[in-house]
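Colleague: Structure below; questions to follow.
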Amino acid sequence: MTSAAQTSPAPASGQSSLLDVHRLRTHFELRQWGFLRAGTVHAVDDVSFQLNAGEAVAIVGESGCGKSSLARTLLGLYRPTSGTVRFAGESLSDLRGGALKAYRARVGYVQQDPYGALPPFLDIRRILAEPLIVHGIRNRQEQERRIDAALEEVGLTPATDTRGKFPHQLSGGQQQRVVIARALLLRPSMLIADEPVSMLDASVRVEILNLLHRVQQDHRLALIYITHDLSTVRHYVDRAMVMYGGKIVEQAPVEELLRHPLHPYTEALLGALGDPDPQNAGRFRAVPGGEPPSLVTPPAGCRFHPRCPIAQKGLCDSREPSTRTPRPNHPVDCWMRE
Amino acid sequence: MTSWLEGLARLRKYPSAVAGLLLIALLIATAIYAVTAIPYSEAQKLWRGGDAWQDLPVNAGPAWIDRLHGGEAARTVRASSDDATIREDAFEGVRVQETVLELDFEYGGFPSEVNLFLNSDFESRQPFVRLTWRTPDGEELFLGARRVGATERVSISQDQRLEGRLGYPPQVGLFTDTPPGTSEPAVRQGTYELVIETVQFEEQASLEADLVIYGQVHGLFGTDHQRRDLTVALLWGTPVALAFGLLAAVGTTVTTLIIAAAGVWYGGWVDATIQRLTEVNIILPLLPILVMIGTLYSTSIWLMLGVVVVLGIFSAGIKMYRAMLLPVRQSPYIEAARAYGASNARIILRYMVPRILPVLIPTFVTLIPTYVFLEASLAVLGLGDPVLPTWGKVLHDAQAQSALYHGFYYWVIGPAAMLMVTGLGFAMLGFALDRIFNPRLRSA
């Protein structure tokens, strides 16, 4: 895309990271009768990571592991219980009013359900004009220009065909393209995509992932790609983080992670992937059973120990594992890896 | 939303919706006609008073009903000195004028009343008149003689002595040749004359005379006990009723919707306060409060409208809208709007409220007549607007004058029919809209 260069933000220096998440916790109080405390959901529990400008990272985990809560906390939709989120050096919890609005313009958001993400009573032109209006771009011609550019960038060409339509007149893939166009309209420097293809037909998943990858490359966007499907990670991100029970248990460059998974949960996720080799058809693979951990009463010690095939009694079920780095650039939280 | 336009286009498939729309169009046309043909000040004059209705009969039925029966009943006939031949003699310093008012009476029924209105213009000495009734056969009947003030109303049909001489009430006796006591009097049709001999004592003095033979029927809807033409009230009641119903429905629906959306969006104590206020307000009885305000303060229709809207804000609708808006609040598109920085007000007004508007349209349409009925109920209870003619006030007068006991059925049927047409029109349209916009009611 030739238009990409002009819309990309000023590149951050490689040294300091764009996003710095430090010991972030997002907990939700459960209440009975509106005031009695009935428990706490540890949706995001002590999560730390950095993200550089232009870097794409995947957060992988099963349903209910806290991935979406993490995304919403990073977007400023949930207030963190403790810890800090620093974006371009500024602490998110210190941002108020205009500064917070400016932050929202710099972070784009792509949701899981493309149809639900678009107000059904507005046409595409109006849907895309809304963020511009919110951020003070009221000049009609300027709006048209940016909307058309965004629509063309996401492959909805010619833009005039799409502008006047309503969301229900578009296919799921087209709807998701509109959602991506909306996320790009305010020229963000970071994009958070929360399961962007899990509700789409298998046939269009690759297209949408390719599109995300292309815009990420063109605009040098920092991308947080949240998914439960490790198979969609390989070609699109630089680094992957595995989340389990509200914690990040392992992170590594994506090739490293796929080739040398260290955490038994990561191994299990990889084992659950489809195997295209016909020789292996019908072969039974050992996949850990059990259920995702409760985030209200997480298991003591390592949160994975009740399902872990290599858990050690007396250690894994009583003491939380510390982070260690058995391979370079590949930290993991597991007692059994040294 | 396209489904709006699609929904409206689908209306054509519902005969009840088409009929409802026709009725509403008829009402709107009536309202526009009333406002343009009878301007507000004119309507007030026609309804409130004085000379405007002295020419109309009391409690006359609608003319078209009589026509269905053959058109026998008398209409109002007037004769004025402006069109009459005046002979004038002068002698010994006085002028003697003879004015002959001619009128054709061709009806099968007797008139209801006979009045003569005299307007004289003089400096100090009142003129003197002598009245003689001349039948088509040339018989003459002396009706009396009197001095005339500046404006004088001679109620010929109220003349007790004349009634004694004729053996019938004057409005009957003057128009029949059937001798009293023999059989039912029959009308003698033909040209009658009232001869007014005036003695003027001043050079410049003049006299105008108007003879009004009141009919038994009048206009489209008849008249009431104060000679007022009910057509005026029924015509003018239309814009008043529609305006009241529409404004009250818009006022309550819009405010209720926005407050419900704000409660859902902010949640917490805001929502709790709105819900508790609503629960208290729901059990407050609206009609007695309105009666109280009308009795103690003012019955102005605009004050009533204000009170209805204010008390309607925290109505049961809030509960319904809240239930509809709670899932909308969780919509991903609302989350997306927050993520790109939309303000709370924008989310409430532009993203939440429009989402449920299509479902509200039928409720809104059926709400209009309930407020029309409320206004009519207040008027029937004697708390109608003191100035404006409304359907409810006509019903109130009819009830106060025991209209049905006296057989003045048209007095009740007219306004009741207007109210029913209003209710029917909006209800038929509303139910059809409900089928279109409310997916649960749409059968396969």
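The values are calculated or read from the model by the stated rules, or taken from the named source; none is laboratory data. None of these values were measured; they are calculated from a predicted model. Backbone-built Cβ (ideal geometry, glycine too); neighbour counts: all protein chains shown. Calculation scope for accessible area: heavy atoms of the full protein, side chains included, ligands and nucleic acids excluded. Shrake-Rupley method; radii C 1.70, N 1.55, O 1.52, S 1.80 Å.
Colleague: Quick one: B:THR299 ticks every box in (1) touching a residue at least 24 places away in the same chain (Cβ under 8 Å); (2) in contact with a helix residue (DSSP H, G or I) (Cβ under 6 Å, 6 or more places away or on another chain); (3) closer than 29 Å to A:PHE166 by Cβ bar one, so which box is it?
Modeller: Result: B:THR299 fails condition (3) only.
Colleague: So which residues in region A:53-69 are buried (at least 20 other Cβ atoms within 10 Å of the Cβ) and away from every other protein chain (no Cβ under 14 Å)?
Modeller: A:ALA53, A:GLY54, A:GLU55, A:ALA56, A:VAL57, A:ALA58, A:ILE59, A:VAL60, A:GLY61, A:CYS65, A:GLY66, A:LYS67
Colleague: Same structure again: Would you please list the contacts, defined by Cβ atoms under 7 Å and residues six or more apart or on different chains, that run from a residue in region B:350-363 that is more than 8 Å from every other protein chain (Cβ to nearest Cβ) and under 14 Å from B:VAL264 (Cβ atoms) to a residue that is open to solvent by 50 Å² or more (accessible area, probe 1.4 Å) and part of a helix (DSSP H, G or I)?
Modeller: That search, which allows pairs on different chains as well, returns B:MET352/B:ARG329; B:VAL353/B:ILE258.
Colleague: Next question. Say whether the condition of being at the interface with chain B (Cβ under 8 Å from one of its Cβ atoms) and part of a helix (DSSP H, G or I) is met by at least one residue in region A:105-121.
Modeller: Within region A:105-121, one or more residues are at the interface with chain B (Cβ under 8 Å from one of its Cβ atoms) and part of a helix (DSSP H, G or I).
Colleague: Any idea which of B:TRP64, B:TRP47 is assigned to a helix (DSSP H, G or I), open to solvent by less than 90 Å² (accessible area, probe 1.4 Å) and touching a residue at least 60 places away in the same chain (Cβ under 8 Å)?
Modeller: Only one candidate qualifies: B:TRP47.
Colleague: Considering only residues that are more than 14 Å from chain A (Cβ to nearest Cβ) and open to solvent by 60 Å² or more (accessible area, probe 1.4 Å), look in region B:317-349 and name the one that is farthest from B:GLY245 (Cα to Cα).
Modeller: Result: B:LEU326.
Colleague: Would you check if there is a residue in region B:418-428 being at pLDDT below 90, open to solvent by 20 Å² or more (accessible area, probe 1.4 Å) and either more than 18 Å from B:VAL291 (Cα to Cα) or in contact with a Lys or Arg (Cβ under 8 Å, 6 or more places away or on another chain) (or both)? Walk me through it before giving the result.
Modeller: Of the residues in region B:418-428, the ones at pLDDT below 90 are none.
No.
Colleague: Does B:GLU6 satisfy the criteria of being over 16 Å from the mean Cα position of the chain (by Cα) and in a strand (DSSP E or B)?
Modeller: Working: over 16 Å from the mean Cα position of the chain (by Cα): yes; in a strand (DSSP E or B): no.
Here the answer is no, as B:GLU6 does not meet what is asked.
Colleague: While we're here: Quick check: is even one residue across region A:129-142 more than 14 Å from chain B (Cβ to nearest Cβ), part of a helix (DSSP H, G or I) and open to solvent by less than 10 Å² (accessible area, probe 1.4 Å)?
Modeller: Scanning region A:129-142, I find no residue that is more than 14 Å from chain B (Cβ to nearest Cβ), part of a helix (DSSP H, G or I) and open to solvent by less than 10 Å² (accessible area, probe 1.4 Å), so the answer is no.
Colleague: Which condition breaks for A:ALA99 when tested against (1) more than 9 Å from every other protein chain (Cβ to nearest Cβ); (2) touching a residue at least 24 places away in the same chain (Cβ under 8 Å); (3) of a type in the set (A, V, I, L, M); (4) under 19 Å from A:THR73 (Cα atoms)?
Modeller: (2)
Colleague: If you check B:ALA74, B:ALA79, which single one turns out to be touching a residue at least 40 places away in the same chain (Cβ under 8 Å), in a loop (DSSP other than H, G, I, E, B) and either crowded, with 17+ Cβ neighbours inside 10 Å or β-branched (Val, Ile, Thr) (or both)? Spell out the reasoning first.
Modeller: Values: B:ALA79 fails: in a loop (DSSP other than H, G, I, E, B).
Being touching a residue at least 40 places away in the same chain (Cβ under 8 Å), in a loop (DSSP other than H, G, I, E, B) and either crowded, with 17+ Cβ neighbours inside 10 Å or β-branched (Val, Ile, Thr) (or both) holds for just one of B:ALA74, B:ALA79, which is B:ALA74.
Colleague: I want to confirm something. Restricting to region B:148-184 and keeping residues that are part of a helix (DSSP H, G or I) and open to solvent by less than 20 Å² (accessible area, probe 1.4 Å), which single residue is farthest from B:VAL58 (Cα to Cα)? Quick ask: steps written out before the conclusion?
Modeller: Just the residues of region B:148-184 that are part of a helix (DSSP H, G or I), to begin with: B:156-158, B:160-166, B:170-173.
Remaining after also requiring open to solvent by less than 20 Å² (accessible area, probe 1.4 Å): B:156-157, B:162, B:170, B:173.
On the way: B:ILE156: 15, B:SER157: 13, B:LEU162: 21, B:PRO170: 16, B:GLY173: 19 Å.
Looking at the filtered set, the residue picked out is B:LEU162.
Colleague: Next question. Could we say that A:VAL179 is within 14 Å of chain B (Cβ to nearest Cβ), in contact (Cβ under 8 Å) with a residue 40 or more places away in the chain and either part of a helix (DSSP H, G or I) or not charged (D, E, K, R) (or both) here?
Modeller: On the way: within 14 Å of chain B (Cβ to nearest Cβ): yes; in contact (Cβ under 8 Å) with a residue 40 or more places away in the chain: yes; either part of a helix (DSSP H, G or I) or not charged (D, E, K, R) (or both): yes.
So A:VAL179 fits the description; yes.
Results for (1) in contact (Cβ under 8 Å) with a residue 12 or more places away in the chain; (2) surrounded by fewer than 23 Cβ atoms within 10 Å (Cβ to Cβ); (3) closer than 21 Å to B:SER315 by Cβ; (4) in the same structural domain as B:LEU325 (by TED's automatic domain parsing), shown as yes or no for each residue.
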site: B:PHE221; (1), (2), (3), (4): yes, no, no, no
site: B:ALA248; (1), (2), (3), (4): yes, no, yes, yes
site: B:GLY251; (1), (2), (3), (4): yes, yes, yes, yes
site: B:LEU257; (1), (2), (3), (4): yes, no, yes, yes
site: B:TRP265; (1), (2), (3), (4): yes, yes, yes, yes
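Colleague: Next question, about the same structure. For region B:382-397, indicate whether the set of residues that are free of Cβ contacts under 8 Å to residues at least 24 places away in the same chain and within 11 Å of chain A (Cβ to nearest Cβ) is non-empty.
Modeller: No.
Colleague: While we're here: Which of the residues belonging to region A:51-104 are of a type in the set (Lys, Arg) and assigned to a loop (DSSP other than H, G, I, E, B)? Give the steps one after another, and end with the answer.
Modeller: Pass one, region A:51-104, residues of a type in the set (Lys, Arg): A:67, A:72, A:79, A:86, A:96, A:101, A:104.
The answer is A:ARG79, A:ARG96.
Colleague: What number of residues in region A:323-338 are farther than 13 Å from A:VAL242 by Cα and touching a residue at least 12 places away in the same chain (Cβ under 8 Å)?
Modeller: Going through region A:323-338, the residues farther than 13 Å from A:VAL242 by Cα turn out to be A:323-329, A:335-338.
Still in the running and touching a residue at least 12 places away in the same chain (Cβ under 8 Å): A:324, A:326-327, A:329, A:335-338.
Residues that pass the stated criteria total 8.
Colleague: Kindly indicate the residue of region B:223-237 that is surrounded by fewer than 21 Cβ atoms within 10 Å (Cβ to Cβ) and under 10 Å from B:LEU56 (Cβ atoms) and also modelled with the highest pLDDT among those meeting that condition.
Modeller: Keep residues of region B:223-237 that are surrounded by fewer than 21 Cβ atoms within 10 Å (Cβ to Cβ), which gives B:225-227, B:231.
Adding the requirement that they be under 10 Å from B:LEU56 (Cβ atoms) leaves B:226-227.
Values: B:GLN226: 82, B:ARG227: 85.
Filtering first and then ranking leaves B:ARG227.
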